[in-house]
Amino acid sequence: MVPGSMVKGMGGAMDLVSGARRVIVLMDHVTKKGEHKLLEACTLPLTGRGVVSRVVTDLGVLDVADGGFRVVDLAPDVTLEELRAATGAPVVE
């Protein structure tokens, strides 16, 4: 469960993380309040540990690396410095 959020139903996350060869997450880079969503360690309950290989956000495309993220591509008009400032984990090129 996510603290402070309504959970509508089970969904298929467990099936995805146990059966997929590659998991790609599509999400906003920051919260509505501008807080980091990409962190060094997850602070929410996990469906699967270490299964995400790529994250696609409104700021760019990142691969999951040891303790951080590796930039694959930046969104148009987004600089590497802006991406790093919006990320709560190390970002390497």
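Tabulated data
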{"read-out": "Any chance Val17 is surrounded by 14 or more Cβ atoms within 10 Å (Cβ to Cβ), at pLDDT below 85 and not polar (S, T, N, Q)", "value": "yes"}
{"read-out": "All positions within segment 62-90 that are in a loop (DSSP other than H, G, I, E, B), modelled with pLDDT of 95 or more and under 27 Å from Met14 (Cα atoms)", "value": "Thr87, Ala89"}
{"read-out": "Residue list for segment 20-37, restricted to those being exposed (fewer than 12 other Cβ atoms within 10 Å of the Cβ), within 11 Å of the chain's Cα centre (by Cα) and part of a loop (DSSP other than H, G, I, E, B)", "value": "Met27, Asp28"}
{"read-out": "Among (1) in contact with a helix residue (DSSP H, G or I) (Cβ under 9 Å, 6 or more places away or on another chain); (2) on the phi > 0 side of the Ramachandran plot, the one test that Thr47 misses", "value": "(2)"}
{"read-out": "Options Thr87, Thr79, Thr43, Thr57; residue that is closer than 14 Å to Leu26 by Cβ and either surrounded by 13 or more Cβ atoms within 10 Å (Cβ to Cβ) or over 11 Å from the mean Cα position of the chain (by Cα) (or both)", "value": "Thr57"}
{"read-out": "Of all residues in segment 38-61 being in a loop (DSSP other than H, G, I, E, B) and touching a residue at least 40 places away in the same chain (Cβ under 8 Å), the one that is farthest from Thr79 (Cα to Cα)", "value": "Pro45"}
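The values are calculated or read from the model by the stated rules, or taken from the named source; none is laboratory data. Quantities reported herein were computed from a predicted structural model and do not represent experimental measurements. Positions of Cβ are generated from backbone atoms using ideal geometry, with glycine treated the same way; all protein chains shown enter the neighbour counts.
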